[in-house]
1. Give me the helices (runs of 4 or more DSSP H) completely within the stretch A:188-258, filtered to those with at least 2 residues that are in contact with a Ser or Thr (Cβ under 7 Å, 6 or more places away or on another chain) and on the phi > 0 side of the Ramachandran plot, ordered by residue number.
2. Give the residue, chosen from A:Ile147, A:Ile137, A:Ile169, that is in contact with a strand residue (DSSP E or B) (Cβ under 9 Å, 6 or more places away or on another chain) and of a type in the set (A, V, I, L, M, F, W, C).
3. Take the residues in the stretch A:94-132 that are touching a residue at least 60 places away in the same chain (Cβ under 8 Å) and in a strand (DSSP E or B), then tell me which one is farthest from the other protein chains (Cβ to nearest Cβ).
4. For the condition out of contact with any Pro (no Cβ under 6 Å at 6 or more places or on another chain), at pLDDT 95 or above and either farther than 18 Å from B:Gly271 by Cβ or among the small types (Gly, Ala, Ser) (or both), what is the one hit in B:Leu135, B:Leu117?
5. Can you name the residue in the stretch A:127-150 that is surrounded by fewer than 19 Cβ atoms within 10 Å (Cβ to Cβ) and of a type in the set (S, T, N, Q) and, of all such residues, is modelled with the lowest pLDDT?
6. Just to check your reading of the model, which residue among A:Ala91, A:Ala66 is in contact with a strand residue (DSSP E or B) (Cβ under 6 Å, 6 or more places away or on another chain), closer than 26 Å to A:Val167 by Cβ and not polar (S, T, N, Q)?
7. Among the listed residues B:Gly242, B:Gly286, B:Gly271, identify the single one that is closer than 24 Å to B:Ala221 by Cβ and surrounded by 24 or more Cβ atoms within 10 Å (Cβ to Cβ).
8. Give the number of residues within the stretch B:21-35 that are assigned to a helix (DSSP H, G or I) and either farther than 14 Å from B:Leu304 by Cβ or over 24 Å from the mean Cα position of the chain (by Cα) (or both).
Amino acid sequence: MTTTESFADEASAAPNTPIVLLEDIGKSYGNINALRGVSLSVRQGEITCVLGDNGAGKSTLIKIIAGLHDYTSGRMSVNGEERHFGSPREALDSGIATVYQDLALAPLMSVWRNFFLGNEITKGPFRQLDAAKMKRIAQEELTKMGISIPNLEQPVGKLSGGQRQCVAIARAIHFGAKVLILDEPTAALGVNQSGVVLKYVVRARDAGIGVIFITHNPHHAYLVGNHFVVLKLGRVALDTHRSEITLEQLTTEMAGGSELEALSHELRSVNPELVVENESQRQEDT
Amino acid sequence: MASTITSPASADDRVSARSLGARLLSRPEIGSLVGAAVILVFFLIAAPPFREINNTGTILYQAALIGVMAVPVSLLMIGGEFDLSAGVAVTTSGLTAGLFAYQFSVNVWLGVFVALLLSLAIGAFNGWLLMRTGLPSFLVTLGTFFILQGLNIAVTRLASGAVASNSISDMDGFNGAKAIFASEFKLGGVTIKIIIVWWIAFVAIAAWVLLRTQIGNWIFAVGGDAAAARAVGVPVRKVKIGLFMAVGFFAWFTGMQLLFVQNGVVQSGEGVGKEFLYIIAAVVGGCLLTGGYGSVVGGAVGALIFGMVQLGVVYAGWNPDWFKAFLGVMLLLATIVNLVVKNRAEAR
């Protein structure tokens, strides 16, 4: 388990410097400190998994990197330059794309319109949409990612959850994302679809993109992650490289370690059969 | 949106090509087109004067009076909002132009220009207040509806001492402005009011903007999912405020038509209730009340249905009292037909 100092050393020693580097980042809303002293680095071709239970500060962290919120203490640098993002557009222009849990796709709009939303290709003096070109590129990009959506006129709302994730990821990659933030991409998906999405996450990494993979599923994280950061109550509880941890350790750490032990002890003392008996007795009494 | 791509390289054999019929049926305006055809045939049979070519101009004129405003109201609805102040805003614009030109004894064109600025400002205010407060557009524009309704009457009485604006028909620039906003010409024996030409032009331009430009894509997106649109860099605030300003612009245009067709006089109590007719036209035309889906052409067909029914009832010799009841039934039918057609088309 490395400390933040040694993590920073490791980062500077690595051949590729981090694209995004957070140092001692904090975010407070009035008297509530949602994040305290969080350090994180994202490098090209690496998947950094951020794990944590509900309310651990994962969402706040990505909102800071994605430009939806500003941080209140510490330092965030992108390509070695200190940055405070005022809007998601600024983050996008710096090459940081976010695929949100709710996907940021308009459900009633067609696939190709969603794919190019905010980055439409126009032609001619009247800046008319080049629909044919956009459809062609969208089809190519989706095929490249191995996603087959035969009818691009189909509204996005008609696609499956996994397909929608893939469209959102393919879109982020096509528009030159250097850093891709994935906010719980597998949370709402079944086993098969999760597998498909994880495959695209790996493809994005192989394409040289720095991936931040937010999840509360240690199994999914361990399948693809290079680096793991566990958040707990707004602080970093664990910051380690894949070679230094096993899946069991990660799961235990994620579930709260000692807290889980206490919980299992507590649950063991409950005799389930006793409950059933009581229930049946009560029914006989009435 | 006219063609569908099915590249053979990536074809998925689970999905068969959609037939032309299915693709046609999935267009938002199809329900209103079918409705318009049914109503046309119905009145051609039931009302003999409906068949006379001369009356076509009158029917189109009735449709255009609603149709011009249905253009921005449809766009606004696709953008996820609606504007209850649209009806009285038309009157406000007409009154402003008339009163300003008369009271300051200036050229009519200056009054027209001041009215344009005010109409755009009202639209911008609606949009700004909506985005600033995050209140639903129903509440914000209900507020502006009452404000404008009250101001229309109060300011008119204050300025002219009556409930109508002073006539400006003998003032400089009146005839020129009238030629633009409220003239008419003969086309093969049919009298065509100029607003019909404007209406068709506005529908064509707005339909092109909606389907074939970046702005149009953004309108669909802010109505479909504003948070999603913002996250990919669409300027949601600007788009919504712009849409309300478009309503302002067309309210100005309709207000000028009103002013110049009535020989330079506008009644200050006019326009109340018109906002619902614009909304009905848009909804009948397939615009989704919750935003993100719809068509400008549909809104125009909705206005055409309105014009045909309004005059059809008269031509058939029925009591015009029935008209409103008929309109309500039309609205419900159109909404249900749109829903059924949409579900059917998507299920194919």
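1. Numbers: elements: A:191-206, A:218-224, A:247-255.
Here the list is empty.
2. On the way: A:Ile147 fails: in contact with a strand residue (DSSP E or B) (Cβ under 9 Å, 6 or more places away or on another chain); A:Ile137 fails: in contact with a strand residue (DSSP E or B) (Cβ under 9 Å, 6 or more places away or on another chain).
A:Ile169 is the lone residue from the list that is in contact with a strand residue (DSSP E or B) (Cβ under 9 Å, 6 or more places away or on another chain) and of a type in the set (A, V, I, L, M, F, W, C).
3. Per the criteria, the residue is A:Ile96.
4. Numbers: B:Leu135 fails: at pLDDT 95 or above.
Selected residue: B:Leu117, the only one of B:Leu135, B:Leu117 that is out of contact with any Pro (no Cβ under 6 Å at 6 or more places or on another chain), at pLDDT 95 or above and either farther than 18 Å from B:Gly271 by Cβ or among the small types (Gly, Ala, Ser) (or both).
5. My answer is A:Ser148.
6. Numbers: A:Ala91 fails: in contact with a strand residue (DSSP E or B) (Cβ under 6 Å, 6 or more places away or on another chain).
Step by step, each of A:Ala91, A:Ala66 is checked, and only A:Ala66 is in contact with a strand residue (DSSP E or B) (Cβ under 6 Å, 6 or more places away or on another chain), closer than 26 Å to A:Val167 by Cβ and not polar (S, T, N, Q).
7. Values: B:Gly242 fails: surrounded by 24 or more Cβ atoms within 10 Å (Cβ to Cβ); B:Gly271 fails: closer than 24 Å to B:Ala221 by Cβ.
Every option except B:Gly286 fails the conditions.
8. If we filter the stretch B:21-35 for residues that are assigned to a helix (DSSP H, G or I), which is where we start, we get B:21-25, B:30-35.
Still in the running and either farther than 14 Å from B:Leu304 by Cβ or over 24 Å from the mean Cα position of the chain (by Cα) (or both): B:21-25, B:30.
The number of residues fulfilling the criteria is 6.
The values are calculated or read from the model by the stated rules, or taken from the named source; none is laboratory data. Small disclaimer: the values here were computed from a predicted structure and weren't measured. Cβ sites come from the backbone with ideal geometry, for glycine too, and all protein chains shown count toward neighbours.
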